[in-house]
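To start, the structure under review is shown below, and the notes come after it.
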Amino acid sequence: MEIPDVTASNCSIPAIGLGTWKLRGKECERTVRSALEVGYRHIDTAAFYDNEDEVGQAISDFNSDRLFITTKVWKDSLRYGDFKRSTEDSLRRLGLERVDLLLIHWPNPEVPIEETLEAMHDLVDEGKVEHIGVSNFSKEQLDRAIEKSSYPLVNNQVEYHLGQDRDGLLKYCRDNSVSLTAYSPLGKGDVLGNETVRNLAAKYGKTPGQIALKWLIEQDNVIAIPKASSRDHLEENIDLFDWELAGEDIEEIHGA
């Protein structure tokens, strides 16, 4: 199954990816490998996750030109030299010469955003990073970062699922050609018990998780990175692209 892309600025990101937070060791390597075998192209990791070695092992047998790999630099490494070292360490662990998307994992008010952006710009110029963005940035923080950046900030990764109001941030992202990646898109499982979601799952013959993910990626500029460890759940989470939610059902979920 071919997963469509979400494009913002000059960056196209597969609409569904695999989140790897809390995946470790052989389980992580096995899960990432299984995800790629069933059709995933987008893998999300971070220095803080302590699993880039395993992700690197898993992706090594696949054509990296077809993959989209995102990693992140932790908030204690946002000084210029620390940021560059962290990124180069991530590339070494991943076995890559260049990462597709590099994000600031969390804002750090003790480090001027200009200093971190300078490191990001230099990494792009050196060919070690294709695209740059941020994670867990508010609308105001993102606005300041965009203002100070010489290169497009193409993505903001935040927690987003049913029950969270992200309308203001989403509008800002759309207006500024920034895609939004939703982590914890199932609310750590809480969304699966929502009555509206369960009723629509029965109506469409889908699982509650599929309804919740479909609602997210039906929104302009939104990408989702659910975590899964079993092959069945990996397949379930990408079985989203040969059916549609009716407009009134999307609105009903939005109000749930």
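The values are calculated or read from the model by the stated rules, or taken from the named source; none is laboratory data. Remember, it's a predicted structure, so these values are computed and weren't measured experimentally. Quick reminder, even Gly has a Cβ in these numbers, built from the backbone with ideal geometry, and neighbours come from all protein chains shown.
Here are some notes:
- Boolean, Ile13 is hydrophobic (A, V, I, L, M, F, W, C), in contact with a strand residue (DSSP E or B) (Cβ under 6 Å, 6 or more places away or on another chain) and part of a loop (DSSP other than H, G, I, E, B): no
- In this structure, Glu37 does not qualify as modelled with pLDDT of 95 or more, among the acidic types (Asp, Glu), within 17 Å of the chain's Cα centre (by Cα) and more than 26 Å from Asp143 (Cβ to Cβ).
- Flag for Gly81 being over 21 Å from Arg24 (Cα atoms) and small (Gly, Ala, Ser): yes
- Count of residues meeting criterion [assigned to a loop (DSSP other than H, G, I, E, B), farther than 18 Å from Ser184 by Cα and either of a type in the set (Phe, Trp, Tyr) or touching a residue at least 60 places away in the same chain (Cβ under 8 Å) (or both)] in the stretch 16-42: 1
- Residue, surrounded by the fewest Cβ atoms within 10 Å (Cβ to Cβ), within the stretch 31-55, restricted to residues that are closer than 17 Å to Ser229 by Cα and small (Gly, Ala, Ser): Gly39
- Checked against (1) over 24 Å from Pro14 (Cβ atoms); (2) hydrophobic (A, V, I, L, M, F, W, C); (3) under 18 Å from the mean Cα position of the chain (by Cα), Leu117 passes all but condition (3).
Residue-by-condition table, conditions (1) at pLDDT 95 or above; (2) buried (at least 16 other Cβ atoms within 10 Å of the Cβ); (3) farther than 16 Å from Asp165 by Cβ:
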{"residue": "Leu216", "(1), (2), (3)": "yes, yes, no"}
{"residue": "Asn221", "(1), (2), (3)": "yes, yes, yes"}
{"residue": "Pro226", "(1), (2), (3)": "yes, yes, yes"}
{"residue": "Arg231", "(1), (2), (3)": "yes, no, yes"}
{"residue": "Leu234", "(1), (2), (3)": "yes, yes, yes"}
{"residue": "Leu240", "(1), (2), (3)": "yes, yes, yes"}
{"residue": "Leu245", "(1), (2), (3)": "yes, yes, yes"}
{"residue": "Glu251", "(1), (2), (3)": "no, no, no"}
{"residue": "His254", "(1), (2), (3)": "no, no, no"}
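- Of the listed requirements (1) buried (at least 19 other Cβ atoms within 10 Å of the Cβ); (2) in contact with a helix residue (DSSP H, G or I) (Cβ under 6 Å, 6 or more places away or on another chain); (3) part of a helix (DSSP H, G or I); (4) at pLDDT 95 or above, Ala201 misses just one: (1).
- Considering the conditions (1) in a loop (DSSP other than H, G, I, E, B); (2) modelled with pLDDT of 95 or more, Gly168 is excluded by exactly one of them, (1).
- Close pairs from the stretch 67-91: first in contact (Cβ under 8 Å) with a residue 60 or more places away in the chain and of a type in the set (Lys, Arg), partner buried (at least 16 other Cβ atoms within 10 Å of the Cβ) and assigned to a strand (DSSP E or B), Cβ under 8 Å, at least 6 apart: Lys72/Leu102; Lys72/Leu103; Lys72/Ile104; Lys72/Ser135; Lys72/Gln157
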